[in-house]
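Report on one structure; see the data block that follows.
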């Protein structure tokens, strides 16, 4: 299950916990569609932690600091609609 996200190169990197209990790379993407597919593949943990890079996104390839969180919000809206049938 996806447990951790970080801003990176103008996109988001998603991580899951492997069988050894360590965080492992699930994938990276710059669009809600790509990131939603990663969530659908790996599922979503009840609690998702995020790197401080999400708050300082302009240092990680985004135009503005809030843009990584805006992208993540779009991903969650798309995931909830496609998987749970819930509109945001």
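Read the figures in this text as sums done on the coordinates, not as results from a lab. A quick note: this is a predicted structure, and the numbers were derived from the prediction, not measured. Every residue, glycine as well, gets a Cβ built from its backbone with ideal geometry; the counts of neighbours run over all protein chains shown.
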Residues of the range 58-88 that turn out to be more than 13 Å from the chain's Cα centre (by Cα) and either within 13 Å of residue 7 (Cβ to Cβ) or exposed (fewer than 13 other Cβ atoms within 10 Å of the Cβ) (or both), as a count: 14
Quick check on my filter: what residues within the range 9-32 are under 11 Å from the mean Cα position of the chain (by Cα) and surrounded by fewer than 17 Cβ atoms within 10 Å (Cβ to Cβ)? 28, 30, 31
Name the residue that is surrounded by the most Cβ atoms within 10 Å (Cβ to Cβ), counting only residues in the range 33-57 that are more than 20 Å from residue 86 (Cβ to Cβ) and in contact (Cβ under 8 Å) with a residue 24 or more places away in the chain. 57
